[in-house]
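Asker: Can you keep this structure in mind? I'll have questions shortly.
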Amino acid sequence: MAITPAEVGRLAELARISMTPDELAQLAPQLEVILESVARVTEVAAGDVPPTSHALPLTNVFRADEVTGSLPVADVLAAAPAAEDDRFRVPRILGEQA
Amino acid sequence: MNPLLMLTASELSQMLRAGEVSAREITAAHLDRIAAVDGDIHSFLAVDSERALATAEALDDRRAAGEELDELAGIPIAVKDLFCYTGLPTTAGSRILEGWRPPYNATLTERVLDAGLVVLGKTNLDEFAMGSSTESSGYGPTRNPWDRTRIPGGSGGGSAAALAAFEAPLALGTDTGGSIRQPASVTGTVGVKPTYGATSRYGVIAMASSLDTPGPCARTVLDAALLHRVIAGWDPRDSTSINAAVPDVVGAARRADVKGLRIGVVKEFGGEGYQPGVEQRFREALSVLEGLGAEIVEVSCPHFDYALATYYLIMPAEVSSNLARFDAMRYGLRVGDDGERSAEEVMSLTRGAGFGAEVKRRIILGTYALSSGYYDAYYGSAQKVRTLIVRDFEAAFEQVDVLVSPSTPTTAFGLGERIDDPLAMYKADLCTIPSNMAGNAAGSFPCGLSPDDGLPVGFQVMAPALADDRVYLVGAALEAELGRRWGGLLIDQLASREVSA
Amino acid sequence: MSDELMSYDAALELFDPVLGLEVHVELNTASKMFCGCSTAFGGAPNSQTCPVCLGLPGSLPVVNAKAIESAIRIGLALNCEIAGWCRFARKNYFYPDMTKDFQTSQYDEPIAFEGGVDVEVDGETYQIPIERAHMEEDAGKLLHVGGSTGRIQGADYSLVDYNRAGVPLIEIVTKPVRGTGAKAPQVAKAYVALLRDLMRALDVSDVRMEQGSLRCDANVSLMPKGSSELGLRTETKNVNSLRSIEAALTYEIRRQATILASGGRVHQETRHWHEDGSYTSPGRSKEQAEDYRYFPEPDLVPVAPSAGWVEELRATLPEPPAARQARLQGEWGFTDLEMRDVVNGGGLDLIDATVAAGCAAQPARKWWTTELTRRANEAGLELDELAITPVQVAALQALVDAGTLNDKLARQVIDGVLAGEGEPAEVVEARGLAVVSDDGALAAAVERAIEANPDVADRIREGKVQAAGALIGAVMKEMRGQADAGRVRELILAKLAQV
Ligand SMILES: [Mg+2]
Ligand SMILES: [Zn+2]
């Protein structure tokens, strides 16, 4: 299960993290070691074991459909790196929506 | 050292109510202490002196006016910098959130403020709570007050060190894989991870949603229980919060009686990789409990051996998704926005610059585990093994009332020692992770100094979900009996070293 | 642009289209899917946002119960099975309009699945198999600044308003729809129209396509005649009117047929419909498939509707639109043609309410499908947005029936009601519009008309009764329309002894 720097690069792209070639080269063998170690889970994960996504089996937790108010717009935009006309200003977008 | 600093929250509370001391004096003493030692320890990322003093004074006025206040009103508290608090920047220990002021409070922040606790400031942590040493903080490491060349544990190293350095009597922590218990263990303090869902996660910056559990940190079991009582309970803003009565943890901490209690020693947690001095102190604590009338049996939980591997699939998967929002669009750092670069590039550059190595490692790992083609083998398998761990606990709790183990295999390791060896670092959470997987309650309590290096050893108690009181019961019994033998708390030994120095 | 394309008829001689429709319906809950912010349309930018829908660090979602109810009711109305246990999932991808950089959606455990509905086109019934209906949240709205087009391409930067972020959506996905032949575009249009009517009848959505509360992505692929192997499909995004669904699919079928017929290959991709030029253009290629890394949403607990709850909700379902239409057509005695005009014009509910208010069916139909439809068109409004209610239309017709108003006066009364002058009776009073029924005044006017038109009078005397029209016109003109033309005719004929 060799992880190449190129593969790490693809994951980094998917995760939107720019990484230097040095970082990729350093991370690849670390990931490989970690993945080798965590692959143990497959030893005991038999087909008939149901998965657990939540520790406690709660279901049907809902809230009533009530308007409880919003933040003041000034608070909403207070931390924005850039804003214009009460909207968040973001750099131009190249890709299209999924 | 100001003698007020060495008192427990419970003792300070009694004095406050008796009018023997003011909240202002207590707060001022702690702020002075922070000013004196924190340059060296670096527990705090932000200290809120003015507001803390003003809050304390207001509480003194209310008490003087005869108002009925919570038992912990006027007691200072340090808050891990993962809890949203409008009064101070909330950074999660990350440069990507440097200076961010949340426009809302976490539910637990709110509860602590409502109870009249005095927030001293925000404490250091591993970046986004990812680590076992607080070295991954974007703002520099915290040092262990017992030995400043050692780590204070992590991710809640700041909170634990603040307690051990007598900068605060109480602190808030969060525990995803051991981030409350492991720092408590290596600093000779008390830390409890409540049942998952017993404490609200609303407003606590998420690492791994299905595991994150906020909880109390203190120097004594009773203090932890008093804080637990304030913060626990249903929160309609957290869908995973449990709508049930909080067990009587304060009563359990006061009762401190283990007669007839069946205590199971987890067979899998010992031997290779465990420091002999840690095992020795652990065994001694067992015989103390036995001497108090508890029944000690050995229990096997075979899938606990897989807990670490399971954790390092589930946690990074959730991390990779939870941390996606730090994308430079709405808040936090933005790098490379020169008018030419696209949003996509700015996101990548910002995340590349703003996240540290451990955070990147976990995001990439989680991205891998969730990506198509690997999901079933990794994430899917991990969720199945999680079931097996839950079943191990269920089987064990049919035989015994609580399970015990060392909190962590070794005492505090040296700063820098494991930073380039992620797997070695991850092993610090070997014994704590199973309870995060199953969501049950667990705590770490001091059980002595390891004879091989003179550093604190932690004793872990694990109880079934919603039986958090049993954790306190055992912890309090141990604390009381060891206290009789030592003539005080373990942490007092650290205080007396400072006095004599 | 479409000049170079093969004709639609030629395309359909060579290929069979296979449809796939994804419809997003914005629910009309008061608050958002996971927080208490208002969903009202048109608020000031970012004024309907909070830590949860802004995805601020630490915030957590809590599911809106009404949204779950609506989802189950929609599922039932689409004849779907309702999951006994299902979860939300995170669909992970980065985009500035999504505050968490994942969409909380459903993946392999939709709340409703395996259903189907029938639609009718030109008297023929087509089965639309439904694969699933699942819950998810809407994204914020982007405004692209700079560049020439206001579109994303060439923009200098973008502005984001997150008021829509977190508004509950139901995504309804069909299985491949085959066997529609040349009718494919019409079937697609009829299906979306049916969904619109269904959502309206369920009262779960405002279904305003122009406001984006009902959005359609139309997939189509072509199979060579006689083959059963699916071709590569394109997905035309956000086709946001019934008319454009038909037009966009017609265009896509011609475009794909032209490529395939010349030995080319259709690219699996998303395409954009250009309303102005009536063509589609390529968007993102789907060949490098996105990896959304779906996993169960750990911040939410599973939804497990009990059988009892589902049955309770089933009992709240309105009559299915097709059954209701058939029933009403029978009750009203409309012809098929009349009924189709009523349904297509969006007048069904209005006529139903008008009839319920005491009006006969034919006059109710006449008012809504002619006079009021014309006014709505002039004002650029939907029929039900006109400032006149079914009760007022029924009152108007009652005045006509009583002889107080004739058609011309009734139209003036509509002017008054639309102008906000009050109820029909009040408008009649205020504008003095009632028909003159004083025979004395009418008789005098008839007298004058006969005197002024002796030739016409003579012809009537000779038995040419149809010539009375000219005299009636003269009298009506003198009475400024405020007379009952029938009565005027009676008086003229009596006067000229033709009764
Ligand atoms: Mg969708
Ligand atoms: Zn909101």
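The values are calculated or read from the model by the stated rules, or taken from the named source; none is laboratory data. All figures in this text were calculated on a predicted structure; none of them were measured in a lab. So basically every Cβ, Gly included, is an ideal-geometry build from the backbone, and we count neighbours across all protein chains shown.
Asker: Checking the conditions here, which among C:S105, C:S70 is more than 30 Å from A:L11 (Cβ to Cβ) and of a type in the set (S, T, Y)?
Answerer: Being more than 30 Å from A:L11 (Cβ to Cβ) and of a type in the set (S, T, Y) holds for just one of C:S105, C:S70, which is C:S70.
Let's see how each residue does on (1) modelled with pLDDT under 85; (2) crowded, with 16+ Cβ neighbours inside 10 Å; (3) among the polar types (S, T, N, Q):
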residue: C:A402; (1), (2), (3): no, no, no
residue: C:E423; (1), (2), (3): no, yes, no
residue: C:V435; (1), (2), (3): yes, yes, no
residue: C:N453; (1), (2), (3): no, yes, yes
residue: C:G469; (1), (2), (3): no, no, no
residue: C:A483; (1), (2), (3): yes, yes, no
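Asker: Being in a helix (DSSP H, G or I) and within 50 Å of the chain's Cα centre (by Cα) is the filter here, so list the residues in the range C:428-445 that pass it.
Answerer: Quick first cut of the range C:428-445, residues in a helix (DSSP H, G or I) only: C:428-431, C:439-445.
Within the range C:428-445, C:V428, C:E429, C:A430, C:R431, C:D439, C:A441, C:L442, C:A445 qualify.
Asker: Turning to a different aspect of this structure: In the range B:355-382, what residues are modelled with pLDDT of 95 or more, facing chain A (nearest Cβ under 10 Å) and surrounded by fewer than 24 Cβ atoms within 10 Å (Cβ to Cβ)?
Answerer: Hits for the range B:355-382 are B:A357, B:K360, B:R361.
Asker: Quickly run through the range C:22-55 and pick out the residues that are of a type in the set (A, V, I, L, M, F, W, C), more than 9 Å from chain A (Cβ to nearest Cβ) and buried (at least 24 other Cβ atoms within 10 Å of the Cβ).
Answerer: The first filter runs over the range C:22-55 and keeps only residues of a type in the set (A, V, I, L, M, F, W, C), leaving C:23, C:25, C:27, C:30, C:33-35, C:37, C:40-41, C:44, C:50, C:52-54.
Restricting the remaining residues to those that are more than 9 Å from chain A (Cβ to nearest Cβ) gives C:23, C:25, C:27, C:33, C:41, C:52.
Result: C:V25, C:L27, C:M33, C:V52.
Asker: Given (1) free of Cβ contacts under 8 Å to residues at least 40 places away in the same chain; (2) in contact with a strand residue (DSSP E or B) (Cβ under 6 Å, 6 or more places away or on another chain); (3) away from ligand 1 (no atom under 15 Å from the Cβ); (4) not aliphatic (A, V, I, L, M), where does C:P110 come up short, assuming only one miss?
Answerer: Here C:P110 clears every test but (3).
Asker: Ok, one more. I'd like to know if the range A:56-64 contains one or more residues that are in a loop (DSSP other than H, G, I, E, B), in contact with a strand residue (DSSP E or B) (Cβ under 8 Å, 6 or more places away or on another chain) and facing chain B (nearest Cβ under 9 Å).
Answerer: Yes, the range A:56-64 contains a residue that is in a loop (DSSP other than H, G, I, E, B), in contact with a strand residue (DSSP E or B) (Cβ under 8 Å, 6 or more places away or on another chain) and facing chain B (nearest Cβ under 9 Å).
Asker: Would it be correct to say that C:A11 is within 16 Å of ligand 2 (Cβ to nearest atom) and surrounded by fewer than 24 Cβ atoms within 10 Å (Cβ to Cβ)?
Answerer: When the stated conditions are applied, C:A11 does not pass them.
Conditions (1) buried (at least 22 other Cβ atoms within 10 Å of the Cβ); (2) aliphatic (A, V, I, L, M); (3) under 30 Å from B:T213 (Cβ atoms); (4) in contact with a helix residue (DSSP H, G or I) (Cβ under 9 Å, 6 or more places away or on another chain), marked per residue:
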residue: C:E81; (1), (2), (3), (4): no, no, no, yes
residue: C:F88; (1), (2), (3), (4): yes, no, yes, no
residue: C:D118; (1), (2), (3), (4): no, no, no, yes
residue: C:M135; (1), (2), (3), (4): yes, yes, yes, yes
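Asker: Give the residues of the range C:61-78 that are assigned to a loop (DSSP other than H, G, I, E, B) and more than 11 Å from chain A (Cβ to nearest Cβ), sorted by residue number.
Answerer: Residue satisfying the conditions is C:L78 alone.
Here's the yes/no breakdown for (1) away from ligand 1 (no atom under 16 Å from the Cβ); (2) modelled with pLDDT of 95 or more; (3) charged (D, E, K, R); (4) out of contact with any helix residue (DSSP H, G or I) (no Cβ under 9 Å at 6 or more places or on another chain):
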{"position": "C:P17", "(1), (2), (3), (4)": "yes, yes, no, no"}
{"position": "C:V25", "(1), (2), (3), (4)": "no, yes, no, no"}
{"position": "C:T29", "(1), (2), (3), (4)": "yes, yes, no, no"}
{"position": "C:C35", "(1), (2), (3), (4)": "yes, yes, no, yes"}
{"position": "C:F41", "(1), (2), (3), (4)": "yes, no, no, no"}
{"position": "C:N46", "(1), (2), (3), (4)": "yes, yes, no, no"}
{"position": "C:L54", "(1), (2), (3), (4)": "yes, yes, no, no"}
{"position": "C:L60", "(1), (2), (3), (4)": "yes, yes, no, yes"}
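Asker: Here's something else I'd like to know. Please verify whether the range C:275-289 includes one or more residues that are out of contact with any helix residue (DSSP H, G or I) (no Cβ under 7 Å at 6 or more places or on another chain), surrounded by 13 or more Cβ atoms within 10 Å (Cβ to Cβ) and in contact (Cβ under 8 Å) with a residue 24 or more places away in the chain.
Answerer: If we filter the range C:275-289 for residues that are out of contact with any helix residue (DSSP H, G or I) (no Cβ under 7 Å at 6 or more places or on another chain), which is where we start, we get C:276-277, C:281-289.
If we keep only those that are surrounded by 13 or more Cβ atoms within 10 Å (Cβ to Cβ) as well, we get C:283-284, C:286.
Filter once more, keeping what is in contact (Cβ under 8 Å) with a residue 24 or more places away in the chain: C:283, C:286.
Checked against the condition, which is being out of contact with any helix residue (DSSP H, G or I) (no Cβ under 7 Å at 6 or more places or on another chain), surrounded by 13 or more Cβ atoms within 10 Å (Cβ to Cβ) and in contact (Cβ under 8 Å) with a residue 24 or more places away in the chain, the range C:275-289 yields at least one hit.
Asker: Also: Just wondering, is there one or more residues in the range C:104-123 that are acidic (D, E) and within 16 Å of ligand 2 (Cβ to nearest atom)? Reasoning before the result, please.
Answerer: Of the range C:104-123, the ones acidic (D, E) are C:108-109, C:114, C:118, C:120, C:122.
Filter once more, so that each one left must be within 16 Å of ligand 2 (Cβ to nearest atom): none.
Looking for residues that are acidic (D, E) and within 16 Å of ligand 2 (Cβ to nearest atom), one finds none in the range C:104-123, hence no.
Asker: Of all the strands (runs of 3 or more DSSP E) wholly in the range C:138-214, which have at least 1 residues that are away from ligand 1 (no atom under 16 Å from the Cβ), among the acidic types (D, E) and touching a strand residue (DSSP E or B) at 6+ places or on another chain (Cβ under 6 Å)?
Answerer: C:157-161
Asker: Somewhere in the range B:391-398, is a residue in contact (Cβ under 8 Å) with a residue 24 or more places away in the chain and not in a helix (DSSP H, G or I)?
Answerer: no
Asker: Spot the failing condition for A:E66; the list is (1) within 16 Å of ligand 2 (Cβ to nearest atom); (2) surrounded by 15 or more Cβ atoms within 10 Å (Cβ to Cβ), and only one is missed.
Answerer: With respect to (1) within 16 Å of ligand 2 (Cβ to nearest atom); (2) surrounded by 15 or more Cβ atoms within 10 Å (Cβ to Cβ), A:E66 is out only on (2).
Asker: Here is a further query. Just one of B:T134, B:T149, B:T142 is more than 22 Å from B:G87 (Cα to Cα) and surrounded by fewer than 24 Cβ atoms within 10 Å (Cβ to Cβ); which is it?
Answerer: Numbers: B:T134 fails: surrounded by fewer than 24 Cβ atoms within 10 Å (Cβ to Cβ); B:T142 fails: surrounded by fewer than 24 Cβ atoms within 10 Å (Cβ to Cβ).
The match here is B:T149.
Asker: Give the residue, chosen from C:G166, C:G116, that is touching a residue at least 12 places away in the same chain (Cβ under 8 Å) and under 26 Å from C:T49 (Cα atoms). First the steps, then the outcome.
Answerer: Numbers: C:G116 fails: under 26 Å from C:T49 (Cα atoms).
Result: C:G166 is the single residue among C:G166, C:G116 that is touching a residue at least 12 places away in the same chain (Cβ under 8 Å) and under 26 Å from C:T49 (Cα atoms).
A quick yes/no check of all residues on (1) in the same structural domain as C:E290 (by TED's automatic domain parsing); (2) aliphatic (A, V, I, L, M); (3) touching a residue at least 60 places away in the same chain (Cβ under 8 Å):
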site: C:T234; (1), (2), (3): yes, no, no
site: C:N240; (1), (2), (3): yes, no, no
site: C:R243; (1), (2), (3): yes, no, no
site: C:E246; (1), (2), (3): yes, no, yes
site: C:T250; (1), (2), (3): yes, no, yes
site: C:I253; (1), (2), (3): yes, yes, yes
site: C:A261; (1), (2), (3): yes, yes, yes
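Asker: Consider B:S405 carefully, then state whether it is away from chain A (no Cβ under 14 Å), surrounded by 21 or more Cβ atoms within 10 Å (Cβ to Cβ) and either closer than 15 Å to B:H303 by Cβ or among the aromatic types (F, W, Y) (or both).
Answerer: Judged against the criteria, B:S405 is a match.
Asker: Going through A:E43, A:E23, A:E7 one at a time, which residue ends up being more than 21 Å from the chain's Cα centre (by Cα) and more than 7 Å from every other protein chain (Cβ to nearest Cβ)?
Answerer: Working: A:E23 fails: more than 21 Å from the chain's Cα centre (by Cα); A:E7 fails: more than 21 Å from the chain's Cα centre (by Cα).
Residue meeting the stated conditions: A:E43.
Asker: While we're on this one: Among the listed residues C:G166, C:G179, C:G212, C:G226, identify the single one that is within 16 Å of ligand 2 (Cβ to nearest atom) and of a type in the set (G, A, S).
Answerer: Being within 16 Å of ligand 2 (Cβ to nearest atom) and of a type in the set (G, A, S) holds for just one of C:G166, C:G179, C:G212, C:G226, which is C:G166.
Asker: Looking at B:T213, B:T107, can you tell me which residue is surrounded by 24 or more Cβ atoms within 10 Å (Cβ to Cβ), within 10 Å of the chain's Cα centre (by Cα) and within 14 Å of chain C (Cβ to nearest Cβ)?
Answerer: None of the other options fit; the residue is B:T213.
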